[in-house]
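Student: Dropping the structure in here first, questions after.
The values are calculated or read from the model by the stated rules, or taken from the named source; none is laboratory data. These figures come from a predicted structure and were not determined experimentally. Counting neighbours? That spans all protein chains shown, and the Cβs are built from the backbone with ideal geometry, glycine included.
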Amino acid sequence: MKATPLKDLNRLISENRVEDYPSPNRALGMKPVRFGRGTSEWEWGEQPLVARNPFGTVQGGYLAVFVDELFSTAIGSMLEDGEWAVTAETKLSYLRAVQSGMLRGSARILRRTRSLAFLQAEVKDADDAIVAVASSTWSISRA
């Protein structure tokens, strides 16, 4: 079977090759730490000024991008050749203002069917306090 960008990307995830995982969000300081079967872990060190609001805290939209990286790599680890997935819905709850500094996130698949996957994620700050939680449903299709 001919390799495709999606197949290659999912293979990187399933092989836990975090160093090789390409993401434009690395430019913001986000980086994968570990991929597992149905799970992912990422870190986001010092956030750039562009990711902070006028109060100096991390803007919610950038936290949503971080959570999306968690979800997309967790689901990518569970896709078979010829499958692809897209976000059907996401609920993100911000539990506290996030000061710039080390953030750690983890996501896991709660359940996967033939056409849907249900995921959850949490983001913690440097003090190990949970700053955001999220749930998401992804639609799975076949090429």
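Student: Could you please give the count of residues in region 126-143 that are farther than 10 Å from ALA85 by Cβ, in contact with a Lys or Arg (Cβ under 8 Å, 6 or more places away or on another chain) and surrounded by 15 or more Cβ atoms within 10 Å (Cβ to Cβ)?
Tutor: Qualifying residue count, region 126-143: 4.
Student: Using the structure shown, decide if GLU69 is surrounded by 17 or more Cβ atoms within 10 Å (Cβ to Cβ), among the acidic types (Asp, Glu) and under 11 Å from the mean Cα position of the chain (by Cα).
Tutor: yes
Student: A follow-up question, please. Quick check: anything in region 44-66 on the phi > 0 side of the Ramachandran plot, touching a strand residue (DSSP E or B) at 6+ places or on another chain (Cβ under 7 Å) and either touching a residue at least 12 places away in the same chain (Cβ under 8 Å) or not basic (Lys, Arg) (or both)?
Tutor: No, region 44-66 contains no residue that is on the phi > 0 side of the Ramachandran plot, touching a strand residue (DSSP E or B) at 6+ places or on another chain (Cβ under 7 Å) and either touching a residue at least 12 places away in the same chain (Cβ under 8 Å) or not basic (Lys, Arg) (or both).
Student: Could you check region 76-101 and list, in sequence order, the residues that are β-branched (Val, Ile, Thr), closer than 15 Å to GLY61 by Cβ and loosely packed, with under 14 Cβ neighbours inside 10 Å?
Tutor: none
Student: Give the residues of region 52-96 that are over 19 Å from SER40 (Cβ atoms), at pLDDT below 95 and of a type in the set (A, V, I, L, M, F, W, C), sorted by residue number.
Tutor: Hit for region 52-96 is PHE55, nothing else.
Student: Okay, next question. Could you grab the pairs with beta carbons closer than 8 Å, sequence gap of 6+ or different chains, first residue in region 18-39 and over 17 Å from LEU63 (Cβ atoms) and free of Cβ contacts under 8 Å to residues at least 60 places away in the same chain, second one part of a loop (DSSP other than H, G, I, E, B) and aliphatic (A, V, I, L, M)?
Tutor: Pairs found: ARG37/MET78.
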